[in-house]
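Structure, as structure tokens:
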Amino acid sequence: MSWPSSLRSGIERRALGAGLLAVALLRPARAERSGLHEAILAFTGGAEPAEGQVTLEIPPLVENGNTVPVTIAVESPMTEEAHVRRIALFNERNPQPNVVTARLGPRAGRARLATRMRLATSQRLVAVAEMSDGRFRSASADVIVTLAACVEG
Amino acid sequence: MARTLINLPRTARRGEVIEIRTLIQHVMETGYRPGADGVVVPRDIVTRFTCLYNNEEVFSAELAPAIAANPFLSFSVVAAESGILAFTWSGDNGFEQTETRSLTVT
Amino acid sequence: MRRLLLALLLAGVVAEARESGFVLMSPETQAMQRDDTANPGMLWVEEGRALWDSAGCAGCHGDVAGMRGVAARYPAFDAASGGPIDLAGRIAQCQEARQGRTPFPRESEEALALSALVGLQSRGMPVAPPEDPRLAPALARGDALYRQRRGQLDLSCAQCHDANAGRHLGSSPIPEAHPTGYPLYRLEWQGMGSLQRRLRNCMAGVRSEPYAYGAAEYIEIELFLMRRAAGMPLETPAVRP
């Protein structure tokens, strides 16, 4: 692939002191896709997770969708009596809604998971945690993926 | 054999929560991408990761094609007793690799 | 004398203003490069360590730590060809001439792994191009190639990397094109690649036909870029978007 042919004039305009070249941003859609919601319900066995107790950390503006760092942390004492059993991450617009599903317990000590994911396009992400008392908590984030410039020919 | 990077302390105090970071060399071919000939390249991903601590599972993860190439995973474990941590990645086309590290708990 | 002073002053200003592509990256990508336990390029370094023994490099060179400073002074003059040779070429030369083996092909995982391992030994050291007059003609050709307009977009490297550095192309900031991190892990590639692969991407970007891997032109451009980056710290294995 290569840069658009309008680019040359763009660059030359730039060289003449004109403003920014067009910035291609794909904005996330407003409504969540149904595949995402279904995948979450499959994970929770039909329960609607309540927002809170979960933090989902991801850069709001991603410079390359191939490798996006993401961290999920859940507030929990992580004891035998009260801990996080599972943490799952879902996305809206990749070909499949699942990203990662982790199983942990009191021996993890801390309910925190970091990985790197692919984002085909701008979209919403949802992290859901299953607590040892059977409740589900969640957090979501919107991510904007900018288009890569000079990629493989 | 795929190269791996596993980072954890060699020693820890009993009850301390330690962070473990792992990286493994793997293409994580999604199964959705057309190759140079236009034909979709078959899926080839790591589907599962486990961490056993003295043979007991303390952390595991199911990975989907949305996980980036050369999968990175970071999680934590309570240093309970000295012993061996075993990390296993398994996936498509019979992929399976295990690496071990010892941890001394004082 | 006044002219000389002015020239020195200008050189100083340019040197101070130079910036690695690292500076333009997001904090997340910078963190990935900075931390060896998070930098995927270190997987290739590990591979390189295994090859250093299994491919017989250790037999002659001993501990790879002895390669400290080597990557900072390539491309260097090669007596055999009478021209410049890059680090990957030197490694291949050891395999071919000294070991009588078929070298790992350019851009193979093995070749990248060995270059990354040797490059890492010089991480943090300033780029120190050899002061060898025999390299002058190749350096001049590299300079000319950098300024030559090419491709359907009819753009030179200099038009982007000198005239428009720091501005954006689409959503990507245009770096100053310092070759300080190679081979490096590019997120776009989802893997490791050489400077030549990077240059091929830029050539394809202006819709010109890239040279074949190993072409003299790449090494001449590298020679010029390394001269331009003299004194900047090496970052191998870097990470770039």
Expressed as a whole percentage, what fraction of the accessible surface of the protein assembly as shown belongs to carbon and sulfur atoms when a 1.4 Å probe is rolled over the protein heavy atoms?
54 percent
Tell me, what HN-Hα J-couplings in whole Hz come from the Karplus equation 6.51 cos²θ - 1.76 cosθ + 1.60 at θ = phi - 60° for each residue of region A:130-142, using x for Gly and Pro?
9, 8, 5, 8, x, 7, 10, 10, 8, 8, 9, 8, 9
Degrees between helix C:216-228 axis and first principal axis of chain C (Cα, 0 to 90, nearest 10)
70 degrees
For the protein assembly as shown, the Debye formula with one identical point scatterer on each Cα and no solvent gives log10 I(q)/I(0) at q = 0.06, 0.07, 0.11 Å⁻¹ as -0.32, -0.43, -1.01
Determine the relative contact order of chain C: mean sequence separation of Cα pairs under 8 Å and six or more apart, normalised by residue count, in whole percent.
28 percent
Amide H contacts of residue B:28 (H built 1.01 Å from N, under 5 Å, at least 5 apart or other chain):
B:46, B:70
In region A:79-153, trypsin sites (Lys or Arg not before Pro) in a DSSP loop with at most 14 other beta-carbon atoms within 10 Å
A:135
Relative contact order for region B:26-98: what percent, with Cα pairs under 8 Å and sequence separation of 6 or more?
33 percent
Would you kindly derive the ³J(HN,Hα) couplings of region B:75-81 from the backbone phi angles with the Karplus curve 6.51 cos²θ - 1.76 cosθ + 1.60 (θ = phi - 60°), listing them in order in whole Hz, with x for Gly and Pro?
7, 10, 8, 7, 6, 9, 8
Report the FRET efficiency, 1/(1 + (r/R0)^6), for residue B:27 and residue C:211, where r is their Cβ-Cβ distance and R0 is 30 Å, rounded to 0.05.
0.65
Given only helices, namely DSSP H runs of n ≥ 4 each adding -39500 (n - 2.57), what is the per-residue ellipticity at 222 nm of chain C, to the nearest 500 deg cm²/dmol?
-12500 deg cm²/dmol
Stokes-Einstein D for chain B at 25 °C, 0.890 mPa s, Kirkwood Rh over Cα pairs, in µm²/s?
165 µm²/s
Per residue accessible area in Å² of the protein assembly as shown, where ligands, DNA and RNA are left out and the probe is 1.4 Å
45 Å²
Over region C:14-94, what relative contact order in percent results from Cα pairs under 8 Å that are six or more residues apart?
11 percent
Checking buried surface per residue: for region C:154-168, which residues lose a minimum of 40 Å² accessible area in the protein assembly relative to the chain alone (1.4 Å probe)?
C:155, C:164, C:167, C:168
Based on the Cβ-Cβ distance from residue B:84 to residue A:80, what FRET efficiency comes out when R0 is 30 Å, to the nearest 0.05?
0.80
For chain C, set up a Gaussian network in which alpha carbons nearer than 10 Å are linked by springs, and say which option among C:166, C:193, C:21 fluctuates the most.
C:166
The B/C contact buries a total accessible area, at probe radius 1.4 Å and rounded to the nearest 100 Å², of 1100 Å²
Label model pair residue B:37, residue B:99: point-to-point distance (7 angstrom along the Cα→beta-carbon line) in nm is 3.4 nm
Semi-axis lengths (Å, descending) of the ellipsoid that matches the C-alpha gyration tensor of region A:32-144:
24, 16, 10
Cleavage-rule hits, trypsin sites (Lys or Arg not before Pro), region C:84-165, DSSP coil, Cβ neighbours within 10 Å at most 12:
none
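The values are calculated or read from the model by the stated rules, or taken from the named source; none is laboratory data. Values in this document were obtained by computation on a predicted structure and should not be read as measured data. When we count neighbours, we look across all protein chains shown, and the Cβ atoms used for this are built from the backbone with ideal geometry, even at glycine. These area figures cover heavy atoms from the full protein model, side chains too; ligands, DNA and RNA do not enter into them. Shrake-Rupley method; radii C 1.70, N 1.55, O 1.52, S 1.80 Å.
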